[in-house]
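First the structure, in the form of structure tokens, and then the observations on it.
The values are calculated or read from the model by the stated rules, or taken from the named source; none is laboratory data. Only a predicted model underlies this, so the values are computations on that prediction, with no experimental measurement involved. Neighbour counts run over all protein chains shown; Cβ positions are idealised from the backbone, glycine included. SASA here: full protein model, heavy atoms, side chains in, ligands and nucleic acids out. Shrake-Rupley method; radii C 1.70, N 1.55, O 1.52, S 1.80 Å.
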Amino acid sequence: MADLVIDGCTALVHDRHGTVGFSAETSVVIRDGLIAAVIPSREAARTEAAERIDGRGLLAMPGLINCHTHTPMVALRGIAEDLPIDAWFNDWIWPIESHLTDRVVELGAKLACAEMIRGGVTTFADHYFAMDRVAAAVAESGLRANLGWAYFSGQGPEARERSLDFALRARGAADGRITTSLAPHAPYTVDDADLAATAALAAEHGLLVHIHAAESAAQTATSVRRLGRTPIETLRRAGLLDGDLLIAHGTGITEGDLDLLGAARGRIAVATAPRGYLKFAWGPTPLRGLAAAGVPVGLATDGAASNNTLDVWESMTLTALVQKASEGDPTWLTARQALDHATAQSARAVGLGERVGALAPGRAADVILVDLTGPHTRPVHDLAATLVHSARSGDVLTTIVAGRVLMRDRRLLTLDVPEIAAELEAELPALAGRRDGGPIQEYDA
């Protein structure tokens, strides 16, 4: 007896080489939170199930993964616009964040979870403070997440200890949907000794390290001028390239850095969030060079304070377009390559490459159903191109995580958005007023 069968859909599948393809008239069989089978619908007709979903006219694909975000920052969406990065951090974001309450963090995380469920995101990697409250939001929402409690060296050694304590306490929470990481903020806010200690702790406890590094070309140039080395070289010296590492942004990665990353002994990945780079006038993440170095690149949104949206679908589209423009090559990045970044590569980036990111037996039943019957998606000559360049996050009808339906026909089932938004909005006048406080850290990179 299956728990759930999605009948008659077209499924996005990966062949044994990992290449993205599509299978028509297919059924996805789900049992005990896992995908039990992806088979022709005529065979699935004989499968007994507690529940069936009519997938005709729909495309089933692995849920999207937001590989780097700060979910509570939805509370700051649009609060600081059209600014250079130093003013954005020092005059607005960090002064406000220094006074954030746990309740605002949790409300922001809940609203973010609702937004991501509606956009077909089933897993996200978060790097922020008060992570216990974010974990509570994950548990309530039904999503899957990798969570890391961020820290700066300026906060003292107890900040790193808190990050480790949370990582050890919370991993495996929410019925196993929560995994954890250590989350030093960046090489310019965390000193070499703390970075080396982080690398040692990660190796000892089998933890991913999630960090901002080489965020922009200007940041890399500053590091070279001050220290004589790039941020990626700093990570190598600290031993962080010997373990599991997720680097956020990396638009300042150099040719020499690519050699270091390609030769690294650890499992290294990069998360790219192109919308924010366009806003801050940064360059693109060098996906072509990272691909040649064998480094997976996952899709991300960063926080809504900079990105304004947690729409990973948009990140997929922008990644394909920005890469074409920056490389001056219309054959790069193809729609199928973009879908690979959105699925398998994103799963690898957050350390879940064997658990999510593909519709395959034994993988977690994290599945989204996309409506391809709208006028903006028809006719369909190339399914990959339709998904990347025509479909939108609003075309996601149903979102399923670990076999549980979190959204059905665009109706959220686990979170009450009007209630969450109303309580959060009551906090906004005080939130904006906290700008007069001191920043938790000076941005001078």
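Residues of the chain were split at every exposed loop site, defined as GluC sites (Glu not before Pro) in a DSSP loop with at most 15 other C-beta atoms within 10 angstrom, and the longest piece left, sites excluded, is 82-353.
Rounded to the nearest whole Hz, the Karplus-based 3J(HN,Hα) values (6.51 cos²θ - 1.76 cosθ + 1.60, θ = phi - 60°) of segment 338-355 follow the sequence 4, 5, 5, 4, 6, 10, 5, 5, 5, 4, 5, 4, 9, x, 10, x, 9, 10, with x at glycine and proline. Report the local net charge at Val105: Lys and Arg +1, Asp and Glu -1, summed over other residues whose C-beta lies under 11 Å from its C-beta. It works out to a net charge of -3. Backbone geometry of segment 70-78 corresponds, through the Karplus equation with coefficients 6.51, -1.76 and 1.60 at θ = phi - 60°, to 3J(HN,Hα) couplings of 9, 4, x, 6, 4, 5, 10, 4, x Hz, x marking Gly and Pro.
Across segment 288-300, rounded Karplus estimates of 3J(HN,Hα) from the backbone phi angles (6.51 cos²θ - 1.76 cosθ + 1.60, θ = phi - 60°) give 5, x, 5, 4, 5, 7, x, 9, x, 10, x, 8, 8 Hz, Gly and Pro being marked x.
Of the trypsin sites (Lys or Arg not before Pro) found in segment 47-95, those that fall in a DSSP loop while having at most 14 other beta-carbon atoms within 10 Å are Arg56. A simple count of charges around Leu310, restricted to other residues whose Cβ falls under 10 Å of its Cβ and scoring Lys, Arg +1 and Asp, Glu -1, yields -2.
Restricting attention to the chain, close to 45% of DSSP beta bridges with both partner residues there are antiparallel. The listed residues Trp313, Trp149, Trp92, once ranked by accessible area (1.4 Å probe) with the largest placed first, stand as Trp92, Trp149, Trp313.
Subtracting the Cα-Cα distance of Glu51 and Glu204 from 0.36 nm times their residue separation leaves 50.7 nm of extension gain.
Count Lys and Arg as plus one, Asp and Glu as minus one, and take only other residues whose Cβ is under 14 Å from that of Thr19; the net charge is then 0. For the chain, find the longest principal axis of its Cα atoms and tell me its angle to the long axis of helix 131-141, 0 to 90°, nearest 10. Approximately 10 degrees, to the nearest 10. Working from Cα pairs under 8 Å separated by at least six residues, relative contact order for segment 24-109 is 22 percent.
Relative contact order, whole percent, for segment 81-189 stands at 22, derived from Cα pairs under 8 Å and 6 or more residues apart.
Here semi-axes √(5λ) of the Cα gyration tensor in Å was calculated from the structure, and among (1) 34, 24, 21; (2) 50, 23, 19; (3) 88, 32, 24 it sits at label (1).
Give me the angle, in degrees from 0 to 90, between the Cα long axis of helix 312-327 and the longest principal axis of the Cα atoms of the chain, rounded to the nearest 10. Long axis of 312-327 versus the principal axis of the chain: about 70 degrees. Amide H contacts of Arg52 (H built 1.01 Å from N, in plane; Pro and chain starts excluded): Val5 sit under 5 Å, all sequence-distant by 5 or more or on other chains.
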